[in-house]
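Student: Can you keep this structure in mind? I'll have questions shortly.
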Amino acid sequence: MTNKISIHIIEQIGRVDAVLSKENLNYSRTALSNWLDDGHILVNNNQVKRSYKVTAGDVITIVPPEVETTTIAAENIPLDIVYEDNDLIIVNKAQGMVVHPAAGHSSGTLVNALLYHSPLSTINGEYRPGIVHRIDRDTSGLLMIAKNDQAHASLSAQLKAHKNERIYYALVRGEFSENSGTIDAPIGRHKVDRKKQAVIEGGRLAVTHFSVTKRYVGYTLLQVKLETGRTHQIRVHMAYIGHPVIGDPVYGSVQTLNGLKLNGQLLHASTLTLEQPTTGKTLSFDSPLPEYFEIALSTLTPVVEEEN
């Protein structure tokens, strides 16, 4: 049975969506905004727009929608679980695994495997239960999964506030003269190819920090730290500066490396730091470079650094 929530406005004056975001309701702002649109949130028993300004004496009534039973099949697929508690799961995703069901991928996804293992949060809807953030199919590495809605709201808020540390390793084409740098370039949907992202004027803020880990002849292994989390951000930014991620079939790199056939971009989510949603304790996790990545590096010739 869904629990109805009533909020009596005494002093707060402002947009109803902004007022709700300050009420510590354990629901994400996105969920609340969607519920406003769908009529699950009423003011004085009337449906209102997000821009409605509440005043003293108003009563906001929230009736969360009933959680629908998912039609996604739970599948007994092995998972590399790095950490688990009552609120969250940290998974080390393999290259080639799709994160959640979508057109063309109704089974065999990370979500199918997770549903077999544990209950998941429902905030993101039927097809993305538990998914707080994503990494691409052919990117490997660490993902945080929410097991309940309260945890999901907390983890989402941390991402929005840039409180999480997310570090990747990327092998890119070309050599760098600098040892580190920052790419600050807005990203949005490509104006011609709508399946791609691109650096465009008026796009969403996107900031990527990088440092050189190791130099090879014609290639560079980078440690990349995300400040924001736009779709394909690292892949788009690296291509934008002329150093596409090796193996990336979308943003300009070939699918072989010195005769080695690649199964996608050489990009690995290696470090993830977050606050545990209930205790507030800082948790940090690391995933070493997987075998496929190490094999690719072994085909390269290291640059011999000159001694000063």
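Student: Scan region 98-112 residue by residue and report those that are among the hydrophobic types (A, V, I, L, M, F, W, C) and surrounded by fewer than 19 Cβ atoms within 10 Å (Cβ to Cβ).
Tutor: We begin by selecting, within region 98-112, every residue among the hydrophobic types (A, V, I, L, M, F, W, C); these are 98-99, 102-103, 110-111.
Answer for region 98-112, where residues must be among the hydrophobic types (A, V, I, L, M, F, W, C) and surrounded by fewer than 19 Cβ atoms within 10 Å (Cβ to Cβ): 102, 103.
Student: Here is a list: 282, 256. Which entry is β-branched (Val, Ile, Thr), at pLDDT below 95, farther than 17 Å from residue 133 by Cβ and out of contact with any Lys or Arg (no Cβ under 9 Å at 6 or more places or on another chain)? Please lay out each step first, then the result.
Tutor: Numbers: 282 fails: at pLDDT below 95.
Exactly one of 282, 256 is β-branched (Val, Ile, Thr), at pLDDT below 95, farther than 17 Å from residue 133 by Cβ and out of contact with any Lys or Arg (no Cβ under 9 Å at 6 or more places or on another chain), namely 256.
Student: Also: Got at least one residue in region 137-150 being closer than 30 Å to residue 85 by Cβ, modelled with pLDDT of 90 or more and in a helix (DSSP H, G or I)?
Tutor: First pass over region 137-150, keeping only residues closer than 30 Å to residue 85 by Cβ: 137-150.
With modelled with pLDDT of 90 or more added as a condition, the list becomes 137-150.
Still in the running and in a helix (DSSP H, G or I): 149-150.
Looking through region 137-150, at least one residue is closer than 30 Å to residue 85 by Cβ, modelled with pLDDT of 90 or more and in a helix (DSSP H, G or I).
Student: What residue, of 181, 108, is assigned to a strand (DSSP E or B) and of a type outside the set (Asp, Glu)?
Tutor: When all the criteria are applied, what remains is 181.
Student: Condition first: buried (at least 19 other Cβ atoms within 10 Å of the Cβ) and under 20 Å from residue 167 (Cα atoms). Can you find one or more residues in region 249-257 that meet it? Lay out the reasoning, then the answer.
Tutor: Narrowing region 249-257 to residues buried (at least 19 other Cβ atoms within 10 Å of the Cβ): 250-251, 253, 257.
Still in the running and under 20 Å from residue 167 (Cα atoms): none.
No, region 249-257 contains no residue that is buried (at least 19 other Cβ atoms within 10 Å of the Cβ) and under 20 Å from residue 167 (Cα atoms).
Student: Would you tally the residues in region 249-291 being in contact with a strand residue (DSSP E or B) (Cβ under 8 Å, 6 or more places away or on another chain) and either in a helix (DSSP H, G or I) or not hydrophobic (A, V, I, L, M, F, W, C) (or both)?
Tutor: 18
Student: (1) over 30 Å from residue 256 (Cβ atoms); (2) free of Cβ contacts under 8 Å to residues at least 12 places away in the same chain: which one isn't true of residue 155, the others all being true?
Tutor: Of everything listed in (1) over 30 Å from residue 256 (Cβ atoms); (2) free of Cβ contacts under 8 Å to residues at least 12 places away in the same chain, residue 155 misses just condition (2).
Student: Note down all Cβ pairs under 7 Å where the first residue falls in region 178-194 and is free of Cβ contacts under 8 Å to residues at least 40 places away in the same chain and among the charged types (D, E, K, R), the second is surrounded by 14 or more Cβ atoms within 10 Å (Cβ to Cβ) and assigned to a strand (DSSP E or B), and they're at least six residues apart or on different chains.
Tutor: 184/207; 189/197
Student: Also: With the condition kept exactly as written, say whether any residue in region 126-143 is within 18 Å of residue 279 (Cα to Cα) and either crowded, with 22+ Cβ neighbours inside 10 Å or in contact (Cβ under 8 Å) with a residue 12 or more places away in the chain (or both).
Tutor: First pass over region 126-143, keeping only residues within 18 Å of residue 279 (Cα to Cα): none.
No, the conditions are met nowhere in region 126-143.
Here is a yes/no grid of residues against (1) of a type outside the set (A, V, I, L, M, F, W, C); (2) within 21 Å of the chain's Cα centre (by Cα); (3) at pLDDT below 95:
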site	(1), (2), (3)
202	yes, no, yes
214	yes, no, no
218	yes, no, no
239	no, yes, no
269	no, yes, no
272	no, yes, no
276	yes, yes, no
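Student: Which residue out of 287, 298 is crowded, with 19+ Cβ neighbours inside 10 Å and either free of Cβ contacts under 8 Å to residues at least 40 places away in the same chain or small (Gly, Ala, Ser) (or both)?
Tutor: Values: 298 fails: crowded, with 19+ Cβ neighbours inside 10 Å.
Criteria check complete, one pass: 287.
Student: Can you find, within region 26-62, the residue that is modelled with the lowest pLDDT among those that are aliphatic (A, V, I, L, M) and either surrounded by fewer than 15 Cβ atoms within 10 Å (Cβ to Cβ) or under 27 Å from the mean Cα position of the chain (by Cα) (or both)?
Tutor: So the residue we want is 31.
The values are calculated or read from the model by the stated rules, or taken from the named source; none is laboratory data. Source: prediction; values computed, not measured. Note: ideal-geometry Cβ built from the backbone for every residue, glycine included; neighbour counts use all protein chains shown.
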